[in-house]
């Protein structure tokens, strides 16, 4: 899909994606914590899971910021922490 700077997600799309990302982030946090507990923080598996968790948190924050750009002044349910 070509990039179009004037296009943006609707409020409903932001809410739906925000909820899905928030749930995925919580699950990744659980998985990372389990792997660190089982294999230790120095294992490659735990390290990778922790990095994936960090990336999900950044993605969640970026999506929340994008919602404020796309829909200024509107509180988007599902994109917050």
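Some notes on this structure:
- Single match in 41, 81 (criterion: at pLDDT below 95, more than 16 Å from residue 19 (Cα to Cα), in contact with a helix residue (DSSP H, G or I) (Cβ under 9 Å, 6 or more places away or on another chain) and exposed (fewer than 12 other Cβ atoms within 10 Å of the Cβ)): 41
- Scanning the range 28-51 for residues that are over 26 Å from residue 70 (Cβ atoms) and either in contact (Cβ under 8 Å) with a residue 40 or more places away in the chain or under 12 Å from the mean Cα position of the chain (by Cα) (or both) yields a single hit, 29.
- The requirement of being in a helix (DSSP H, G or I) and exposed (fewer than 13 other Cβ atoms within 10 Å of the Cβ) is satisfied by residue 23.
The values are calculated or read from the model by the stated rules, or taken from the named source; none is laboratory data. Everything numeric here is computed off the predicted structure, so don't read it as measured data. So basically every Cβ, Gly included, is an ideal-geometry build from the backbone, and we count neighbours across all protein chains shown.
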